[in-house]
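The values are calculated or read from the model by the stated rules, or taken from the named source; none is laboratory data. For clarity, every value in this text was computed on a predicted model and none was experimentally measured. In this analysis, Cβ positions are derived from the backbone assuming ideal geometry, glycine residues included, and neighbour counts consider all displayed protein chains. We work out accessible area using only protein heavy atoms, side chains counted, and drop any ligands, DNA or RNA first. Shrake-Rupley method; radii C 1.70, N 1.55, O 1.52, S 1.80 Å.
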Amino acid sequence: MNRWVFLTLWLFWPGTVLAAWFSGSDALTSAHQKLLEGNTAESFDAMVEAWQQENGPTEKRHLADFLSLAITEDCGRSLSTLSLPSWLQNIVIRRETVQTPNRVFYHFSIYGNSSTGVSSVSFSAWPDQSVLHSNFSDDESRDFKLDYDGLSRAIKAGLYKLEVTSSNGERWSSSILITQPEAIQSISWKDSRSWRIAPPTDLKGTCPRPFLSMNLYSQNDGQTAPIWSEEKDKNLPTALPVIDVPDGQYWFSVALIERRWQGPILFEEVQRIGRSVDLPDVDLQQLSPRRQ
């Protein structure tokens, strides 16, 4: 499906008014025109400019929807022509929703790898509202990570700035556009040993298929690393497999992970569910209590 078909489907989607694209700012009109012409990176630049203007709720919603539409071109790889510097091998921005039996909360993190090391990373919302900032020691500088844990709501759609400084003092920065958080949780518990995964409903067919990350943690040894983990990108499982572990209580989490790009920057949208499980007090293959 080409760009024109995508735009036609979206512009005439129920609740979308075509004229609304042309009643806003000049930058928004330019972003629309550039995408129609196949200039995805120029369209992205125009979207950045549009976010810098005074926007009401309607304009912000249109901008967020338009970004999602632009991603369908090639999963966001051509949104930006900006390259990573030679000392920065990769960088990932992750937005995560965590659902447990007792509550729902949110995480936001930025992580990556540097050959020479980084001294600091900052992430701020337009125009100058700090979201994350961290300085790194030599031991942390090559494989770095910033975490914003226990948020009461997901990081919202909008314009942000990412700035990374190397250990040698070189500075690299990029404008970042964040999409609208998913309104519906695609993965949820069915019972204590199985879960449901809703089929995808959007048009991001150019992106890799979502994959499932399963992790089992001991609740007794104080370790943060999983004692068992497995990832699946095909035939996604919907039940806890048989795991050979000693009797005891564990924490089991399942994450549905979607990936997209903004040029060289990888974005991960994660929906995670977690709960305590007692193993192996049930026959996991039959999901029924063992006979005495």
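Annotations
- Long-range tail of P(r) for the range 82-172 (Cα pairs > 15 Å, %): 61
- Peptides ranked, highest mean first, by Cβ atoms within 10 Å: ranges 116-123, 87-94, 244-251: 116-123, 87-94, 244-251
- For the range 219-267, the mean projected area of the C-alpha convex hull, equal to one quarter of the hull surface, is 5.2 nm².
- The range 37-80 has equivalent-ellipsoid semi-axes of 19, 11, 7 Å, by the square roots of 5 times the alpha carbon gyration tensor eigenvalues, sorted largest first.
- Rolling a 1.4 Å probe over the heavy atoms of the protein chains gives the range 64-193 an accessible area of 49 Å² per residue.
- Radius of gyration over Kirkwood radius for the range 131-224, both on Cα atoms: the Rg/Rh ratio is 1.03.
- Cα-based reach from LYS156 at 24 Å (exclusive), listing lysines while leaving out same-chain residues under 8 positions away: LYS60, LYS145, LYS204
- Cα pair count fraction exceeding 18 Å, expressed as % - the range 31-148: 65
- Net charge of neighbours whose Cβ lies under 10 Å from the Cβ of ALA27, counting Lys and Arg as +1 and Asp and Glu as -1: -3
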